[in-house]
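Presented below is the structure to which this report refers.
The values are calculated or read from the model by the stated rules, or taken from the named source; none is laboratory data. Only a predicted model underlies this, so the values are computations on that prediction, with no experimental measurement involved. Cβ placement follows ideal geometry from the backbone for every residue including glycine, while neighbour counts extend to all protein chains displayed.
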Amino acid sequence: MKVEVDSFSGSKVYPGRGTLYVRGDSKIFRFQNSKTASLFQQRKNPRRLAWTVLYRKQHKKGISEVVQKKKSRKVVKHQRAIVGASLELIKERRALKPEQRKVKKAAAIKADKDKKKADKERRKADKARRIAAGGNISKQQARGAFQKVQPTSR
């Protein structure tokens, strides 16, 4: 015994019952009764009629006995190294106390300032040496502008 499914309502059509409708493109539709056939031919949407299987599925009606809780995946956190910082360095910096962090930052700023000051002094000394060594330099060269080097002939 083959039980068919109603093309409109989704209910069962037992052998010897219902009607068969074949459209012009040879597609076959089975209907349980004239009510579903009529609604289909009126182009009604079965998802909007509360008694159809499609409506009940869409609105989650009457499926309480098959309800199975979905297993939630546990999020596993991984710590990865970043370019320029190893994992150990990241962990070490995260473990620092705010006071220690403040002291380290101040020391880094002071070291940077000292480096800039020393660099400025070095450039000043270089400039003075160049002026003392070569008397024929232009004002731009004295200020530290790019010096064009003449190619030597072979």
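Structural remarks
- GLN68 meets the conditions (1) under 43 Å from the mean Cα position of the chain (by Cα); (2) not in a loop (DSSP other than H, G, I, E, B) in every case but one. The failed one is (2).
- Among the residues listed as ARG80, ARG56, the single one being of a type in the set (Lys, Arg), in a helix (DSSP H, G or I), at pLDDT below 95 and out of contact with any strand residue (DSSP E or B) (no Cβ under 8 Å at 6 or more places or on another chain): ARG56
- Only one of the listed residues (THR36, THR19) is touching a strand residue (DSSP E or B) at 6+ places or on another chain (Cβ under 6 Å), hydroxyl-bearing (Ser, Thr, Tyr) and touching a residue at least 12 places away in the same chain (Cβ under 8 Å). That residue is THR19.
- Of all residues in the range 17-53, those satisfying the criterion of being in a helix (DSSP H, G or I) and either of a type in the set (Gly, Ala, Ser) or farther than 18 Å from GLU4 by Cβ (or both) are SER34, ALA37, SER38, GLN41, ARG47, ARG48.
- Evaluation of SER9 against the conditions (1) surrounded by 14 or more Cβ atoms within 10 Å (Cβ to Cβ); (2) in a helix (DSSP H, G or I) shows that the sole unmet condition is (2).
- With respect to the conditions (1) of a type in the set (Val, Ile, Thr); (2) at pLDDT 85 or above; (3) under 25 Å from VAL3 (Cβ atoms); (4) loosely packed, with under 12 Cβ neighbours inside 10 Å, VAL75 falls short on a single one, namely (3).
Here's the yes/no breakdown for (1) exposed (fewer than 10 other Cβ atoms within 10 Å of the Cβ); (2) of a type in the set (A, V, I, L, M, F, W, C):
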site	(1), (2)
LYS2	yes, no
SER34	no, no
ALA37	no, yes
ASN45	no, no
